[in-house]
Structure formats: structure tokens, C-alpha cells
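Beneath this line is the structure, given in C-alpha cells, with notes to follow.
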Amino acid sequence: MPKVVIGSDHGGFELKEHAKEVLLEMGYEVEDAGPESAVSCDYPIYATKVASKIKKDVLGILICGTGLGMSMAANRQKGIRAAMCTNEYMAKMAKAHNDANILCLGARVIGIGLAEEIIRTFMTTEFEGERHMRRINQIDGL
């Protein structure tokens with residue numbers, strides 16, 4: 001069963017809880033890296049927790065108020081290509097062309113319905129491979 005590690009801060013907690021249900025419905029094993037409540041917390045802690053668990057067969061989802069802080073913090077970690085997406089097209093291209101391994105969402109930017117569609121698109125899109133590998137290798141070498 002494919003695995004997804006999910007985390008948020010207080011601003012993304014409610015959407016994180018909903019996203020877990022969507023992922024389970026899709027057949028994914030879901031590991032919740034926290035937090036356990038909507039009490040104010042620091043997003044870099046959870047971005048690092050999720051990023052540390054990403055492998056070739058494990059993807060991540062990070063949710064904060066805008067998605068920006070999570071993407072910035074996650075992208076500081078080696079081997080991470082976190083993409084903050086606000087629509088399905090961005091999610092599709094993040095996976096198809098950039099082989100993104102973490103999806104970042106902004107709970108205060110998008111609604112639950114759109115978030116669901118972005119998650120479904122991200123999780124079901126495959127990396128197109130060869131013609132994009134040169135650029136992925138350049139990113140990973142930075």
C-alpha cells in the first residue's frame with residue numbers, strides 16, 4: 001500500500017484532518033507527523049518531520065495557512081522538492097514535470113473541495129521522466 005506522511009501547523013490542522021480521510025479513501029497508508037491539535041505551533045518543526053520521512057515510495061503533504069512557510073521549510077531539506085499548489089494544474093505539473101515529493105497547501109487560501117481535488121491530482125499524477133530528469137538532477141545538485 002502506498003504511503004503518505006502528512007503534517008501541518010495550527011493554521012492547517014483542520015484541513016490536515018480532512019486530507020487524511022481523503023487519502024485513506026484513496027487507499028493510502030497515512031502517517032500523521034502532527035500536530036495533534038490546533039494549538040499554536042511552529043511549522044518548520046512539522047515540515048522537517050515530514051521531509052525526513054520522504055523516500056522514493058513515500059510522498060508528503062504539508063499544510064499551513066498559506067502553504068508558503070511549509071514549502072520554504074521543506075525545501076531546505078536535502079532531496080525534497082516541495083510544491084505549493086493552489087489548483088489542480090499546478091499539482092499535475094509539480095508531479096509530471098518536477099517530480100515533486102511533497103505537496104504544500106494553504107488552508108486559508110483554498111477551500112476543502114479544491115484541496116481535495118488538488119490532493120487527488122497530485123497523488124494520481126505520474127512523473128513523466130526522461131525529458132525532465134536533467135532538470136531534476138540539477139535541482140537535486142543545488
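The values are calculated or read from the model by the stated rules, or taken from the named source; none is laboratory data. Quick caveat, the model's predicted, so the values are computed rather than measured. Virtual Cβ from ideal backbone geometry, glycine too; neighbours counted across all protein chains shown. Protein only, heavy atoms only, side chains kept; ligands, DNA and RNA dropped before computing areas. Shrake-Rupley method; radii C 1.70, N 1.55, O 1.52, S 1.80 Å.
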Using beta carbons and a limit of 9 Å, which pairs, at least six apart or on different chains, have the first residue in the stretch 121-142 and in a helix (DSSP H, G or I) and modelled with pLDDT of 90 or more and the second one among the hydroxyl-bearing types (S, T, Y) and open to solvent by less than 90 Å² (accessible area, probe 1.4 Å)? M123/Y28
When the stretch 1-20 is examined, which residues are found to be exposed (fewer than 14 other Cβ atoms within 10 Å of the Cβ) and over 15 Å from the mean Cα position of the chain (by Cα)? M1
Taking the stretch 37-68 and keeping residues under 12 Å from F13 (Cα atoms), open to solvent by 30 Å² or more (accessible area, probe 1.4 Å), among the aliphatic types (A, V, I, L, M) and touching a Gly at 6+ places or on another chain (Cβ under 9 Å) leaves A38
Within the stretch 116-135, tally of residues that are touching a strand residue (DSSP E or B) at 6+ places or on another chain (Cβ under 9 Å) and either under 14 Å from N101 (Cβ atoms) or of a type in the set (G, A, S) (or both): 2
Filter the stretch 69-103 for residues that are over 15 Å from G7 (Cβ atoms) and of a type in the set (A, V, I, L, M, F, W, C) and give the result. A83, C85, M90, A91, M93, A94, A96, A100
Among the residues of the stretch 34-54, write down those that are farther than 22 Å from G111 by Cα and either of a type in the set (A, V, I, L, M) or at pLDDT below 95 (or both). I45, V50, A51, I54
Do we find a residue being acidic (D, E), modelled with pLDDT of 95 or more and more than 11 Å from the chain's Cα centre (by Cα) anywhere in the stretch 84-101? yes
Top-ranked residue in the stretch 93-109 [being open to solvent by less than 20 Å² (accessible area, probe 1.4 Å), in contact (Cβ under 8 Å) with a residue 24 or more places away in the chain and outside any strand (DSSP E or B); ranked as farthest from A83 (Cα to Cα)]: A96
